[in-house]
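What follows is a set of notes on a single structure, which appears directly below.
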Amino acid sequence: MKYSWIFLFILSLFATPVMARLTIEITSGVDNPTPIAVVPFAGSLGLSEDIQDIVSADLLRSGFFRPIPKTDMLSMPKAEAEVFYRDWRMLGASYLVVGQMTNMGGRYQLQFELYDVISQRKIFQKQVAGTDSQLRDIAHAVSDAVYEAITGIRGAFSTKILYVEDLKQAGAGRYRLVYADADGARDRVLFSSSEPLLSPAWSNDMSKVAYVSFETSRPAIFIQELATGKRTQMTNFQGLNGAPAWSPDDQSLALVLSKDGNPEIYTLEIATKKLRRVTDHFAIDTEPNWTADGRSLIFTSNRGGSPQIYQVSLATGRVERLTFEGDYNARPRLSPDGKTIIMVHRRDGIFHITSQDVKTGNMRILTETWLDESPSIAPNGAMLLYATQHQNKGVLAAVSMDAGVKFRLPSKQGDVREPAWSPFSK
Amino acid sequence: MLKSIKSFAILAVVMGLMVGCSSNKPAEDPNAANAAGTGAGVTQSTVDVDNDLSAVAGLATVFYFEFDSAVLLPEGRAALIGHAEFLRNASKSVRLEGHADERGTREYNMALGERRANAVRDFLVLQGVSSSKIETVSYGEERPAVSGSGESSYSKNRRVELSYQ
């Protein structure tokens, strides 16, 4: 069964639950979002989560849909026999989602159906089940299925994010590494410190995160297991210890060390702690990101006089420059299909997130906010999260890869930054 | 200058001895014999001579930089020469913390902060300070001196802070 992973989704985080600190404000959507009606699911009244609300919010946030308010609905069908297409055509809905929730001794099972109102046909019927604490997972699974059936793109509503929060008050818990759902809900503090934390990175199997912590009064790279909270210090070299990036097979980290004099890129085999130097240049080399085949790294270097993106082959050490537009291009991230590089680009003194087509080299500005940085692409390649400033506070924002859809996730406290969007759970 | 350091040092030794003596006085204290046996007061006072930072008290400890640059500005040189003069003869060590403003990416700024700290370190080493007395660490843009956007804030954040350990 497609959603059987929901049953297995037991992530017992050794972490502190906190109030949801991120909310969502849509700042721009596509011109003609597809109207969709998500009918409140029968049997879901009085549950600890409003499933219909979560699904509608997911679809709205994707930018491709305009959920129809439930107060406008003329009927509340729960199965095919009760669906009258005419009612939904009158509301202008192109698609309709109905379903019913059954409580089977504390386990919730949702049967849900997607209809094409225009061609008057059922697209699918699916089931998803989980416990009371998994009601949000159930809702996101519905969103994923609906989104994929209509757009042809795998939904990423069930994925997770990491970010760093700075409460901006000196003290033990000033800097926090936070784990949350992709919509900002169910946030948990994975680690907190009086000293700075940065550069969180997911392992590809989603079981661990790597990050930089200054808790020893110097930077060091740590790996933390999500299930147990167990932390392992991976590096303790003189100088920089930064920018960890997991290899596609999770066996190695690419990272930046300056122990040999200049910031250089290395790979560190996690099991053996074997270190291998990749770059050798007196300039700054930093912010490595693996290509999907694990054979090269793309990275930032100012070896040409200003920060630009380069690619280095791990086998030959050959370095190739990838960006030529502008005098500041940094922190590259490859899209999941490898066709696009996302980076931080400065134009006229303003920092934007831009995309560059790998083949043609064409660059496109995606964001026009203030001090945009740290882009992190969703595993389906549809959107990216980045850090920006809004009303003098650090906030997270998202933009679709075609720049059409934009939303903000403002924080309720402190500065929020350094987002890392998780891979798909296997 | 050197003379005043010397006379201050002697004064510090004398004061240290006095403190040491007075702390040994209470005979009722069951630990008194023990305390007297350590001679801690005398030892500490000699360290105090070396720890005296009054010679560098008036010198700047923050050194500023241009955007995306790790080139030491001329206005910082005089103070650094003073610090170097002191460090050459003292057993103290220094920690140099490099910082960047909030513009640009965080890990690149981490590297930039290190470059700035290294620029100050290299200058001190050229002035004859042993590199073993200098620790450098970069905080990138993670610890701004002042918050807020704009060049007036940025210019205060692109800096190296020197502190004696």
Exercise for the section: Hey, can you tell me all the residues within the stretch A:384-401 that are more than 19 Å from A:Asp415 (Cα to Cα) and surrounded by fewer than 23 Cβ atoms within 10 Å (Cβ to Cβ)? Expected result: A:Ser400, A:Met401
Handout entry: Members of the stretch A:172-196 found to be more than 14 Å from chain B (Cβ to nearest Cβ) and either over 16 Å from A:Leu409 (Cα atoms) or in a strand (DSSP E or B) (or both), listed by number
Key = A:Ala172, A:Gly173, A:Val178, A:Tyr179, A:Ala180, A:Asp181, A:Arg188, A:Val189, A:Leu190, A:Phe191, A:Ser192
Handout entry: Filtered residue count, the stretch A:336-352, keeping only those that are part of a loop (DSSP other than H, G, I, E, B), touching an Asp or Glu at 6+ places or on another chain (Cβ under 9 Å) and within 13 Å of chain B (Cβ to nearest Cβ)
Key = 0
Practice task
Give me the pairs, please: first residue somewhere in the stretch A:381-392 and aromatic (Phe, Trp, Tyr), second residue anywhere and part of a loop (DSSP other than H, G, I, E, B) and at pLDDT 90 or above, beta-carbon distance under 8 Å, and either six or more positions apart or on two chains.
Solution key: A:Tyr386/A:Thr367
Exercise for the section: Note down all Cβ pairs under 6 Å where the first residue falls in the stretch B:137-159 and is within 13 Å of chain A (Cβ to nearest Cβ), the second is β-branched (Val, Ile, Thr) and part of a loop (DSSP other than H, G, I, E, B), and they're at least six residues apart or on different chains. Expected result: B:Ser153/B:Val146
Handout entry: Odd one out for A:Pro263 among (1) within 11 Å of chain B (Cβ to nearest Cβ); (2) farther than 24 Å from A:Ala172 by Cβ; (3) surrounded by fewer than 23 Cβ atoms within 10 Å (Cβ to Cβ); (4) not polar (S, T, N, Q)
Key = (3)
Problem - Given (1) touching a Gly at 6+ places or on another chain (Cβ under 7 Å); (2) part of a loop (DSSP other than H, G, I, E, B); (3) buried (at least 21 other Cβ atoms within 10 Å of the Cβ), index of the condition A:Gly404 fails - result: (3)
Exercise for the section: Give the residues of the stretch A:372-405 that are among the aliphatic types (A, V, I, L, M), out of contact with any Ser or Thr (no Cβ under 6 Å at 6 or more places or on another chain) and within 12 Å of another protein chain (Cβ to nearest Cβ), sorted by residue number. Expected result: none
Practice task
Give the residues of the stretch B:132-165 that are of a type in the set (D, E, K, R) and more than 17 Å from B:Arg106 (Cα to Cα), sorted by residue number.
Solution key: B:Lys133, B:Glu135, B:Glu151, B:Lys156, B:Glu161
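Determine which member of the set B:Leu72, B:Leu87, B:Leu80 is surrounded by 18 or more Cβ atoms within 10 Å (Cβ to Cβ), away from chain A (no Cβ under 14 Å) and part of a loop (DSSP other than H, G, I, E, B).
Checking each option against the conditions leaves just B:Leu72.
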Exercise for the section: Consider A:Thr272 carefully, then state whether it is surrounded by fewer than 16 Cβ atoms within 10 Å (Cβ to Cβ), at pLDDT 95 or above and hydroxyl-bearing (Ser, Thr, Tyr). Expected result: yes
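Using the structure shown, decide if A:Leu59 is in contact (Cβ under 8 Å) with a residue 40 or more places away in the chain and touching a helix residue (DSSP H, G or I) at 6+ places or on another chain (Cβ under 9 Å).
Working: in contact (Cβ under 8 Å) with a residue 40 or more places away in the chain: yes; touching a helix residue (DSSP H, G or I) at 6+ places or on another chain (Cβ under 9 Å): yes.
Yes.
With the structure loaded, tell me whether A:Leu396 is touching a Leu at 6+ places or on another chain (Cβ under 6 Å) and either closer than 24 Å to B:Glu151 by Cα or outside the structural domain of A:Val212 (by TED's automatic domain parsing) (or both) or whether it fails that test. Don't jump to the end; show me each part of the working.
Working: touching a Leu at 6+ places or on another chain (Cβ under 6 Å): yes; either closer than 24 Å to B:Glu151 by Cα or outside the structural domain of A:Val212 (by TED's automatic domain parsing) (or both): yes.
So A:Leu396 passes the test.
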Exercise for the section: Please work out which one of (1) in a loop (DSSP other than H, G, I, E, B); (2) buried (at least 16 other Cβ atoms within 10 Å of the Cβ); (3) under 27 Å from the mean Cα position of the chain (by Cα) is the condition A:Gly229 fails and give its number. Expected result: (2)
Problem - Subset of the stretch A:236-252 (residues that are among the polar types (S, T, N, Q) and either more than 25 Å from the chain's Cα centre (by Cα) or outside any strand (DSSP E or B) (or both)) - result: A:Asn236, A:Gln238, A:Ser247, A:Gln251
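Of the residues that sit in the stretch A:232-260 and are on the phi > 0 side of the Ramachandran plot and within 13 Å of chain B (Cβ to nearest Cβ), which one is surrounded by the most Cβ atoms within 10 Å (Cβ to Cβ)? Spell out how you get there, then give the answer.
Residues of the stretch A:232-260 that are on the phi > 0 side of the Ramachandran plot, as a first pass: A:239, A:243, A:250.
Then keep just the ones that are within 13 Å of chain B (Cβ to nearest Cβ); that gives A:239, A:243.
Numbers: A:Gly239: 22, A:Ala243: 32.
Once the filter is applied, the top-ranked residue is A:Ala243.
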Exercise for the section: Report yes if some residue within the stretch B:105-124 is of a type in the set (Phe, Trp, Tyr), under 23 Å from A:Ile353 (Cα atoms), crowded, with 18+ Cβ neighbours inside 10 Å and within 11 Å of chain A (Cβ to nearest Cβ); otherwise report no. Expected result: yes
Fill in the blank from the handout: For the stretch B:126-156, the count of residues that are within 19 Å of the chain's Cα centre (by Cα), exposed (fewer than 12 other Cβ atoms within 10 Å of the Cβ) and over 19 Å from B:Gly113 (Cβ atoms) equals 4
Practice task
Please enumerate the residues belonging to the stretch B:50-69 that are surrounded by 13 or more Cβ atoms within 10 Å (Cβ to Cβ), assigned to a loop (DSSP other than H, G, I, E, B), under 16 Å from the mean Cα position of the chain (by Cα) and modelled with pLDDT under 90.
Solution key: B:Asp52
Problem - So A:Ser217, is it closer than 18 Å to A:Lys168 by Cβ and either within 14 Å of chain B (Cβ to nearest Cβ) or surrounded by fewer than 22 Cβ atoms within 10 Å (Cβ to Cβ) (or both) - result: no
Handout entry: Residues of the stretch A:201-214 satisfying the condition of being within 14 Å of another protein chain (Cβ to nearest Cβ), farther than 17 Å from A:Lys273 by Cβ and among the small types (Gly, Ala, Ser)
Key = A:Ala201, A:Ser213
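State yes or no: is A:Asp285 at pLDDT 95 or above, under 23 Å from the mean Cα position of the chain (by Cα) and not hydroxyl-bearing (Ser, Thr, Tyr)? Write out each step before concluding.
Working: at pLDDT 95 or above: yes; under 23 Å from the mean Cα position of the chain (by Cα): no; not hydroxyl-bearing (Ser, Thr, Tyr): yes.
Answer is no for this residue.
The values are calculated or read from the model by the stated rules, or taken from the named source; none is laboratory data. These figures come from a predicted structure and were not determined experimentally. FYI the Cβ positions are ideal-geometry reconstructions off the backbone, even for glycines, and counts take in every protein chain you see.
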